[in-house]
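A.B. asks: First the structure, then my questions, so here it is.
The values are calculated or read from the model by the stated rules, or taken from the named source; none is laboratory data. What you see is a predicted model; the values in this text were computed from it and never measured. Every residue, glycine as well, gets a Cβ built from its backbone with ideal geometry; the counts of neighbours run over all protein chains shown. In case anyone asks, the SASA skips ligands and DNA or RNA and just uses the protein heavy atoms, side chains included. Shrake-Rupley method; radii C 1.70, N 1.55, O 1.52, S 1.80 Å.
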Amino acid sequence: MRAGFKWIGGALLAMALGVAAILGYFWVTYLDKEITSGSGYGFVIGESKQQTAERFTALTHDYESAYVYVTTGSKAGDHFAVEARADNLPQIQSYDDWDVLLEGNAAFSNSIKLDFADDRLVKIYRHRQRFEIP
């Protein structure tokens with residue numbers, strides 16, 4: 001009888017350690033950072049939209065399927081996405097908020113948000129989560 005309790009206790013301990021390891025991984029890999037001066041993630045505060053778009057080339061070496069997602073209005077369908085390439089600048093230049101989706105055009109869990117004012121980059125916001133929030 002005691003051997004059965006030891007086995008059950010060991011299995012429960014192993015499951016608890018597994019859950020703790022998964023939660024620890026999620027916590028360690030979670031990013032939520034805002035930059036308003038200096039530089040970050042290959043982008044530089046104060047640069048123009050043209051200069052910022054030119055930096056997409058370096059970004060796509062690490063993230064080949066990166067897209068720029070732009071919201072054009074307040075309705076659900078008021079948005080579009082283009083590949084993160086400098087030659088797509090004419091399509092996104094008139095908008096001041098660019099969401100660079102690093103893992104594809106619908107992957108919001110790994111992104112860099114670029115905010116512009118007066119044609120200059122004023123804020124870089126980095127977000128990454130390896131899990132879905134219900």
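A.B. asks: Need one value: the accessible area of GLU103 in square angstrom, 1.4 angstrom probe, rounded to the nearest 10.
C.D. replies: Accessible area of GLU103: about 90 Å².
A.B. asks: Now for a separate question. Per residue, how large is the accessible surface of region 52-134? Use a 1.4 angstrom probe and give square angstrom.
C.D. replies: Per-residue accessible area for region 52-134 comes out at 56 Å².
A.B. asks: Report the full-extension gain for the segment LEU31 to LYS113: residue separation times 0.36 nm, less the Cα-Cα distance, to one decimal in nm.
C.D. replies: In short, 28.3 nm is gained.
A.B. asks: For region 3-134, which whole-number percentage of the solvent-accessible area (1.4 Å probe, protein heavy atoms only) is attributable to carbon and sulfur atoms?
C.D. replies: Details: 4600 of 8150 Å².
Its accessible area is 56 percent carbon and sulfur atoms.
A.B. asks: Can you work out the FRET efficiency for the pair THR72 and ALA21, with r the C-beta to C-beta distance and R0 = 30 Å, to the nearest 0.05?
C.D. replies: 0.10
A.B. asks: If the only charges are +1 at each Lys and Arg Cβ and -1 at each Asp and Glu Cβ, what is the size of the charge dipole of region 39-116 around the Cα centre, to the nearest 20 debye?
C.D. replies: With only Lys, Arg, Asp and Glu charged at Cβ, the dipole is about 100 debye.
A.B. asks: Rounded to the nearest 500, what is the chain's calculated 222 nm mean residue ellipticity when only DSSP H runs of at least 4 contribute -39500 (n - 2.57) each, over all residues?
C.D. replies: Calculated from helices alone, the mean residue ellipticity at 222 nm is -10000 deg cm²/dmol.
A.B. asks: Also, I was wondering about something else. Would you mind computing, in nm to one decimal, how far apart the modelled labels at ALA86 and VAL44 are, each placed 7 Å from Cα along Cα→Cβ?
C.D. replies: Output for this residue pair reads 1.3 nm.
A.B. asks: Placing +1 on the Cβ of each Lys and Arg and -1 on the Cβ of each Asp and Glu in the chain, which of ALA20, HIS127, ALA53 has its Cα farthest towards the positive end of the resulting dipole?
C.D. replies: ALA20
A.B. asks: By how many degrees, 0 to 90 and rounded to 10, does the Cα axis of helix 2-29 deviate from the longest principal axis of the chain?
C.D. replies: 10 degrees
A.B. asks: Based on Cβ point charges of +1 for Lys and Arg and -1 for Asp and Glu, what charge dipole magnitude is obtained for the chain about its Cα centre, in debye rounded to the nearest 20?
C.D. replies: Once rounded to the nearest 20, the dipole reads 880 debye.
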